[in-house]
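Trainee: Let me begin by handing over the structure; questions about it come next.
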Amino acid sequence: VYQRLMAGDDEEATELASQSLETMSLEQVYDEVLVPALAQAQLDRHRQKLDEGRHALVLQGIREITETLAEQQRDEDSAEATAQTVRDAKGGTSGSPPSGNGKPRRTLPADTTIDVLCLPAKSEADEIAGLMLARLLEPRGYRVTMSGTSALTSEMVELASPANAAAVVLSALPPKAALSVRYVLKRITARHAGRGVIVGLWKNTRDLTKAGLGDFP
């Protein structure tokens, strides 16, 4: 997928990712196909193997594939729900919506809503990784709010108030994931004492203590 995006062939990249959804869950496709592509784009840009213009196009391509696959999954879920209604009417068995690999998807109770705030640590790639998480949480009954990279750190800190969301997820990709996370996390915990934050260090391979994150609870 990354190679096709690098070549400017977004349609083939989308088709390849869509084909993966036939044998993998949406979560697996995001985790094993798109997040690695994002991480590689960030690494290539950091090493100056990717110019700014091509980097922006690759990120845009991954964002569009993220939304395309989420829509495809919604269509499949809708079709399954309709088929389940027919089965129920005929006295068939019922079950939770499938996750895309045949396993039931865990969802919140019908009368429950949990507000989740997804914050990018710094870059657009961090934001896109958070978008993937949002598209996985929404069908499970969570209400997700996204903050773009245009927001100032001070604005994100205010959004992280417990009054605005039950859970805050801070999303970050290498090669500067830990550094970016540490800065924002310190600001959030200083402003909202005791506020728990879930940190998504996607594809992180560094020791958290050595990365300067070991002192956070």
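The values are calculated or read from the model by the stated rules, or taken from the named source; none is laboratory data. Source: prediction; values computed, not measured. Neighbour counts run over all protein chains shown; Cβ positions are idealised from the backbone, glycine included. Quick note on the areas: whole protein, heavy atoms, side chains included, nothing else; ligands and nucleic acids left out. Shrake-Rupley method; radii C 1.70, N 1.55, O 1.52, S 1.80 Å.
Trainee: Within the accessible area of region 126-192, what % is carbon and sulfur when the probe is 1.4 Å and the other protein chains stay in place?
Mentor: 53
Trainee: Please report, in cubic angstrom per residue, the volume enclosed by the convex hull of the alpha-carbon atoms of region 1-101.
Mentor: 80
Trainee: Pulled fully out, how much extra length does the chain show between Thr149 and Thr68, if you take 0.36 nm times their separation in residues and subtract their Cα-Cα distance?
Mentor: Here the segment from Thr149 to Thr68 would lengthen by 27.0 nm.
Trainee: Suppose a student asked you for the relative contact order of the chain, using Cα pairs under 8 Å spaced at least 6 residues apart; what percent would you report?
Mentor: Worked out over the chain, it gives 18 percent.
Trainee: A further question on this structure: Compare Asp77, Asp207 by solvent-accessible area with a 1.4 Å probe and give them largest first, with all protein chains kept in place.
Mentor: From most accessible down to least: Asp207, Asp77.
Trainee: Label 7 Å along Cα→Cβ of Asp75; region 1-28 residues with amide nitrogen under 15 Å?
Mentor: Answer for region 1-28: 14-22.
Trainee: What FRET efficiency would be calculated for the residue pair Thr209, Thr82, taking the C-beta separation as r and a Förster radius of 35 Å, to the nearest 0.05?
Mentor: After rounding, the FRET efficiency stands at 0.10.
Trainee: Return P(r) of the chain (all Cα-Cα pairs; 5 Å bins starting at 0; whole %; ordered from short to long distances).
Mentor: Bin by bin from 0 Å, the calculated values are 1, 7, 14, 16, 17, 16, 12, 9, 5, 2, 1, 0, 0.
Trainee: Top to bottom by accessible area (1.4 Å), largest first, where do Asp9, Asp51 land?
Mentor: Result, largest first: Asp51, Asp9.
Trainee: Okay, moving on. Using a Förster radius of 25 Å, what is the FRET efficiency between Arg187 and Ala166 based on their Cβ-Cβ separation? Nearest 0.05, please. Don't jump to the answer; show the numbers that get you there.
Mentor: Details: r = 20 Å, r/R0 = 0.80.
Approximately 0.80, to the nearest 0.05.
Trainee: Of Glu138, Glu27, which has the most accessible area and how do the rest follow, probe 1.4 Å?
Mentor: Glu27, Glu138
Trainee: How much length is gained if the chain between Glu158 and Arg140 is pulled fully straight, taking 0.36 nm per residue apart and subtracting their Cα-Cα distance, in nm to one decimal?
Mentor: Once the chain is fully extended between Glu158 and Arg140, it gains 3.8 nm.
Trainee: Round to the nearest 10 and report in Å² the accessible area of Leu152, as given by a 1.4 Å probe over the protein chains' heavy atoms.
Mentor: Approximately 100 Å² of Leu152 is accessible to the 1.4 Å probe.
Trainee: Compute the FRET efficiency between Leu108 and Lys176 as 1/(1 + (r/R0)^6), taking r as their Cβ-Cβ distance and R0 = 41 Å, and round to the nearest 0.05. Mind dumping the intermediate values first?
Mentor: Values: r = 34 Å, r/R0 = 0.83.
My answer for the efficiency is 0.75.
Trainee: I would also like to ask the following. Around Ala151, what is the net charge, scoring Lys/Arg as +1 and Asp/Glu as -1 over all other residues with Cβ under 13 Å from its Cβ?
Mentor: Counting the neighbours of Ala151, the net charge comes to -3.
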